[in-house]
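Colleague: Structure provided below as structure tokens; questions to follow.
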Amino acid sequence: MLFENPKHDFNVSMVARTCDFFGVDYYVSCPVKSKGLKASGGVLKHKSLKRLVLKDWIGRVIATSDKAISKPQDFCFEDGDLIVLGNEAYGISDEVKKRACA
């Protein structure tokens, strides 16, 4: 899971807790303020947020869109998939749109 330019660090904390529960690795594309990270329930104290540059990812890139051609429940995930959560106000970047699976 990649948090791409998140606006609210509280959202990162919430999703990071869920990722940690399911054993999913999570990354950020930019620095995140520490204020809201306290809401992570201690998850981020034991597992720091790792930075990831999208161009370095070798697997598939998965992103949601209002123009999706398939239903989420019909999508088959594979090992090495990277799910990208975009900015709360602006969504995903053009770079993600170019790399994302059709």
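Colleague: Give me, ordered by chain and number, the residues 5 or more places off Gly91 or on other chains with an amide H under 5 Å from its own placed amide H.
Modeller: For Gly91, no residues qualify.
Colleague: Order the peptides 73-81, 6-14, 54-62 from the highest to the lowest mean number of other Cβ atoms within 10 Å of their residues.
Modeller: 6-14, 54-62, 73-81
Colleague: Name the long-range amide H neighbours of Tyr27: under 5 Å, sequence gap of 5 or more, or other chain; modelled H, no Pro or chain starts.
Modeller: Amide H to amide H, under 5 Å and 5 or more residues apart or across chains, Tyr27 pairs with Leu2, Phe3.
Colleague: Here's something else I'd like to know. Given H placed 1.01 Å from N in the peptide plane, which residues other than close sequence neighbours of Leu82 have an amide H under 5 Å from its amide H?
Modeller: Amide H to amide H, under 5 Å and 5 or more residues apart or across chains, Leu82 pairs with Arg60, Val61, Ile62.
Colleague: What residues of region 1-15 lie in the reach of a label at Asp25, counting those whose backbone N is under 11 Å from a point 7 Å from the Cα along Cα→Cβ?
Modeller: Answer for this model: 1.
Readers should treat all values here as calculations from the given coordinates under stated rules, not as data from a laboratory. Nothing here was measured: the structure is a model prediction, and the numbers come from that model. Because the Cβ atoms are built from the backbone with ideal geometry, glycine has one as well, and the counts that use them run over all protein chains shown.
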